[in-house]
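Inspection log for the structure reproduced underneath, given as structure tokens.
The values are calculated or read from the model by the stated rules, or taken from the named source; none is laboratory data. Quantities reported herein were computed from a predicted structural model and do not represent experimental measurements. Positions of Cβ are backbone-derived with ideal geometry, glycine not excepted, and every protein chain shown enters the neighbour counts. For the accessible areas, the whole protein counts, side chains as well, though only heavy atoms, and no ligand, DNA or RNA atoms are used. Shrake-Rupley method; radii C 1.70, N 1.55, O 1.52, S 1.80 Å.
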Amino acid sequence: MTGPAREATAHLFTQYARVWFPSHSALYAEWAHGVAADADLVARIATLPPNKQQPNLVFAVARFLGCPDAGFATLAAFLRERWDDVAAELAVRMTQTNEPARCATLLPVFEQIQSDSGKPLALIELGPSAGLCLLPDRFAYRYDGGDVLGAENLAAGAPLLECATTGNPPLPTRLPEIASRTGVDLNPLDGADPETARWLKCLVWPGQTERLDRLSAGLDVLTSLPRDDPGGPVTLVRGDLLAHVETLVNAVPAEHTAVVYHSAVTSYLPPGLRHAFLELVATLDCRWIANEGFFMSDATDGEIAVPRERSGMFVMTLDGVPQAYTHQHGVQLHWEADGAWPEDGQSI
Ligand SMILES: C[S@@+](CC[C@H](N)C(=O)[O-])C[C@H]1O[C@@H](n2cnc3c(N)ncnc32)[C@H](O)[C@@H]1O
């Protein structure tokens, strides 16, 4: 392993320690600082393929294999002692964090689509992980501390998804009517499998207890979905979204509205495939929601500068038209449908 490769790995962990972890997980910030300063651990991690060096993936795998949420010395000892197991587990794992609260930011757009067409929605989620965001009609919502939408779901044990808004979004007064729930993922996860559920929980960073509670309650909803649920079962297809999306849209009957959507997915596509997807989705007979870390437009290439006060947020578009900035984990919705969005080709 070359010196520059080790330097790049140490730099990656330093970046996460300084930028990404501190406001979300003090323990992960401590772990990342510790790894960056530990020449032996850096040398080991630098031997992994670049997409397996992601600090939160390395840490999630360590926790999945039994490393306790304790100080850096505990992590360091665990990684040295169990390195072969860690490397083997990393080889078969990806970050597939499934965040049901993203439904709170999608809900106003689902409502808009259903009002436009008057038809139930045939959901087609690209990159659904275990499929929790295919259950928007099965959760409960509270915007800005107001009335609960979906109180019957809450009473049945569903998570209450709290969301703070600005910009006066068209908040729904009813849950969407879902006709079908289909997803396509490179690696669909079975939320009913206890080890898979444990892996999903390890992907939530230490200290994020609200997210962990939401995830657990969301998995309970998924696994207890009645056979005769009006929205049907969650069906997850294994494969690449580009290869499947057209067939899935074409299979939607005329009495339903096909809704293609994705959250935290297209950053995994290389720019060339992102463009191919944009070209394809524009030809399909569907509505299309993107909720991603960049503006999904064919004239931009992902690397946009969001305003400082919206730093780290997703941009949500409907049929390619920007609607809102959304918190990555669904707890804020900044509606800007009439706002100052860029012309095609400009940075936000
Ligand atoms: C970070 S997770 C997001 C899961 C879910 N959308 C959510 O918001 O909770 C990204 C998911 O996208 C999937 N994915 C990445 N690239 C993909 C592709 N080319 N085709 C299908 N799925 C893909 C991954 O397997 C993973 O499950």
Exercise for the section: May I ask you to verify whether Asp229 is more than 9 Å from the ligand (Cβ to nearest atom), open to solvent by less than 50 Å² (accessible area, probe 1.4 Å) and not hydrophobic (A, V, I, L, M, F, W, C)? Expected result: yes
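Looking for something of a type in the set (Ser, Thr, Tyr) and at pLDDT 95 or above - is there at least one such residue anywhere in the stretch 106-127?
Within the stretch 106-127, one or more residues are of a type in the set (Ser, Thr, Tyr) and at pLDDT 95 or above.
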Problem - Failed item in (1) within 19 Å of Asn291 (Cβ to Cβ); (2) open to solvent by 60 Å² or more (accessible area, probe 1.4 Å); (3) more than 14 Å from the ligand (Cβ to nearest atom), with Val249 passing the rest - result: (2)
Exercise for the section: Considering each residue of the stretch 271-289, count those that are assigned to a helix (DSSP H, G or I) and within 20 Å of Arg102 (Cβ to Cβ), and give that number. Expected result: 3
Exercise for the section: Go through (1) buried (at least 17 other Cβ atoms within 10 Å of the Cβ); (2) closer than 20 Å to Pro159 by Cβ and name the single condition Val260 misses. Expected result: (2)
Exercise for the section: Could you tell me whether any residue of the stretch 153-169 is under 29 Å from Ala243 (Cα atoms) and not in a loop (DSSP other than H, G, I, E, B)? Expected result: no
Problem - Output for the stretch 25-52, where each listed residue is buried (at least 19 other Cβ atoms within 10 Å of the Cβ) and not in a helix (DSSP H, G or I) - result: Ser25, Asp38, Ala46
Completion exercise
Taking the stretch 90-147 and keeping residues β-branched (Val, Ile, Thr), part of a loop (DSSP other than H, G, I, E, B) and touching a residue at least 24 places away in the same chain (Cβ under 8 Å) leaves Thr95, Thr97
Exercise for the section: With respect to Gln96, determine if the residue is more than 15 Å from the ligand (Cβ to nearest atom), at pLDDT 95 or above and crowded, with 18+ Cβ neighbours inside 10 Å. Expected result: no
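Within 23 Å of the chain's Cα centre (by Cα) and in the same structural domain as Arg181 (by TED's automatic domain parsing): is that true of Leu27 in this structure?
Judged against the criteria, Leu27 is not a match.
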Problem - Any hit, the stretch 198-216, residues being farther than 30 Å from Ala70 by Cβ, among the hydrophobic types (A, V, I, L, M, F, W, C) and within 16 Å of the ligand (Cβ to nearest atom) - result: no
Practice task
Could you please give the count of residues in the stretch 171-192 that are open to solvent by less than 60 Å² (accessible area, probe 1.4 Å) and more than 16 Å from the ligand (Cβ to nearest atom)?
Solution key: 6
